[in-house]
Amino acid sequence: MSQQEVNVYSLGGAWGTASASPFCLKLLTWLRMSDVPHRVTYLKGPPKSSTGKAPYIDRPDGSYLEDSSFIIETLTREHGVELDAHLSDAQRATAHMLQRTLENSLYFVMIWQRWIENWEVTREAFFGHLPPVVGTVVPALLRRRVAKQTHQQGIGRLPKKEIFDIGCADVGAVASVLGDNDWFFGEPSTTDAMVHSFFSGILAAPIDDRLKEAVQSHDNLVAHSQRIDDLYWT
């Protein structure tokens, strides 16, 4: 069993979170939950991964491994992680659907909320430390890229009300699955790290809108996010 320290390349934090990216935060939380030795390299420029996205990790042959889910699957095998060993086949199916709900639907509502609807708040948090010229040109280029991404996915083509309707429905569905439980499947699992990565970011951002109100209206989601913060991030 390998116990070599993992070097994680991650986007930086914002509003008190370890990373503003839910995918980076999911991996960082999972590493803490799994006790996998690691260090974090926060990116100061464009990601060097083949996908142009973070997170990614160093591999022994000098290459990079990208995508939070692929990284988790690989490290689970290499480090003998048993975080999800207790899940039944039905629970694994539920975990898969929860992941798709958050990473393929709510994610696009979330980046629209930050980069389009509440741009001034996001620009200050993400780029406020940059020199004047760079702090004007780079954020504008990235914002156009995000706008194109949300348009291609479909969320960006919808009226504001319908975008929030989709996001609130996603939040409500996840809250219903969690119910009165502390954890989604009886004990901490990868799903808990993934859910926390989205809702902790929504709750932390100084944005008051329907999406944040939807999360705040579900006490179980708020408590779940705080529970992971207390256990793994305090």
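Our estimate of slack between Val134 and Leu158, defined as 0.36 nm per intervening residue step minus the Cα-Cα distance, is 5.5 nm. Local charge for Leu231 was computed over the other residues whose Cβ lies under 14 Å away, with Lys and Arg +1 and Asp and Glu -1, and equals -4. Eigen-decomposition of the gyration tensor built on the alpha-carbon atoms of the range 195-234 gives equivalent ellipsoid semi-axes of 18, 11, 7 angstrom, largest listed first. Across the chain, the mean sequence separation of Cα contacts (distance under 8 Å, 6 or more residues apart), normalised by length, yields a relative contact order of 23 percent. Averaged across orientations, what area in nm² does the convex hull of the alpha carbons in the range 87-194 project? Mean shadow area of the hull around the Cα atoms is 8.3 nm².
Ligands, DNA and RNA left out, the accessible area of the range 1-130 computed with a 1.4 Å probe is 50% carbon and sulfur.
On a per residue basis, the chain carries 50 Å² of accessible surface, using protein heavy atoms and a 1.4 Å probe. Across the range 54-145, the mean sequence separation of Cα contacts (distance under 8 Å, 6 or more residues apart), normalised by length, yields a relative contact order of 11 percent. Each peptide in 98-105, 46-53, 151-158, 112-119 was scored by the mean count of other Cβ atoms within 10 Å over its residues; highest first, the order is 112-119, 98-105, 151-158, 46-53.
Counting only Cα atoms, the size of the chain along its three principal axes is 48, 44, 33 Å, in decreasing order.
Across every pair of non-identical alpha carbons in the range 1-77, the mean reciprocal distance, once inverted, gives a Kirkwood radius of 12.5 Å. Measuring r between the beta carbons of Thr74 and Lys148 and using R0 = 22 Å, the FRET efficiency lands at 0.10.
Residue pairs exceeding 23 angstrom between C-alpha atoms, taken from Lys160/Lys212; Lys48/Lys212; Lys44/Lys212: Lys48/Lys212; Lys44/Lys212.
Compute the separation of the alpha-carbon centres of the range 138-153 and the range 1-73 and state it in Å as a whole number. Here the answer is 23 Å between Cα centres. Here the range 36-108 has an Rg and Dmax of 14.6, 41 Å, counting Cα atoms alone.
The values are calculated or read from the model by the stated rules, or taken from the named source; none is laboratory data. Small disclaimer: the values here were computed from a predicted structure and weren't measured. A quick note on method: Cβ atoms are made from the backbone with ideal geometry, for glycine too, and the neighbour counts reach across all protein chains shown. What goes into the accessible areas is simple: the full protein's heavy atoms, side chains included, and nothing from ligands, DNA or RNA. Shrake-Rupley method; radii C 1.70, N 1.55, O 1.52, S 1.80 Å.
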